[in-house]
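A.B. asks: This is the structure I have questions about; it appears just below.
Values in this text are rule-based calculations from the coordinates and carry no lab data. Computed from a predicted structure; not experimentally measured. Note that we place each Cβ from the backbone using ideal geometry, even for glycine, and neighbour counts take in every protein chain shown.
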Amino acid sequence: MLEQLFKLIENESQNEIINNPAIPEEQNNHAVGLAADSIFNGLQGKLANGGLKDVLDMFAGKQSTGTDNSLVSGITGNFITNMMNKFGIDSDKAEAIAKSVIPGVLGKLVNKTNDPNDSSFNINGVIGSLLGGDSSQGSPVQVDGLAGQQDGGIDFSAILKNLSSGGLDSNNDGSIGLDDLSGLIGKMTGGKQNGEQQKSGGVMDLLKGFMK
């Protein structure tokens, strides 16, 4: 997911980042990486705090990708802080860049995730990456310890479809409760965040391979 997210941000931020004189040309990729880091950590942090339904609601189109959404606002604020610290951009310029880039990229991410003709993103791949597991597009996500999980894993794309139509589980029989699932995923994701910080220094280290 990270490489696809990096490329999506790069494509969607030509004016705000790539051609912006406030950001040194040699730092363009780093700025794109900071945006990817803010989005990834923001979504992962939401899952770690039991916010699975909020994340899925956004991908189902039930919550805005604008800054009126507290999740998006938090991601945007983190990106503003990172740009100010890294590039010495004043707060007004950083805010203008972030408020243009983050909501737009998240909107595109949601659209691509729901587009059956676009294979670049899939909700199973997105959730899988955030959980630190296999991010293969279309593969049901394995959540260790969840009773009633099918052999193929949890198909978040099926849950997403039911959320879009008002349901809360993948087959409308109540066997997968989002409250229980959110708590378990929160514990898993919290551990993953701590592990990444200790072992790799965070998402930015994972992005270095294609920040050239």
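A.B. asks: Going down the table (Lys108/Lys161; Lys53/Lys208; Lys53/Lys86), which pairs top 29 Å between alpha carbons? Intermediate results must be reported in sequence, preceding the final value.
C.D. replies: Numbers: Lys108/Lys161 18 Å; Lys53/Lys208 31 Å; Lys53/Lys86 33 Å.
Too far apart for the 29 Å limit: Lys53/Lys208; Lys53/Lys86.
A.B. asks: Here's something else I'd like to know. With charges only on Cβ, +1 for K and R and -1 for D and E, what is the dipole size of the stretch 6-149 about its Cα centre, in debye, rounded to 20?
C.D. replies: My answer is approximately 260 debye.
A.B. asks: Still on this structure, I have one more. What is the spin-label model distance, in nm, from Lys208 to Gln27 if the labels are put 7 Å beyond Cα along the C-beta direction?
C.D. replies: Taking the two extended label points, one gets 1.9 nm.
A.B. asks: Measure off 7 Å from each Cα along the Cα-to-Cβ vector at Lys161 and Asn49, then give the distance between these two points in nanometres to one decimal.
C.D. replies: The answer from the label model is 3.2 nm.
A.B. asks: Any chance you could check the Cα centroid distance between the stretch 67-81 and the stretch 1-33 for me, in angstrom?
C.D. replies: A separation of 18 Å, based on Cα centres.
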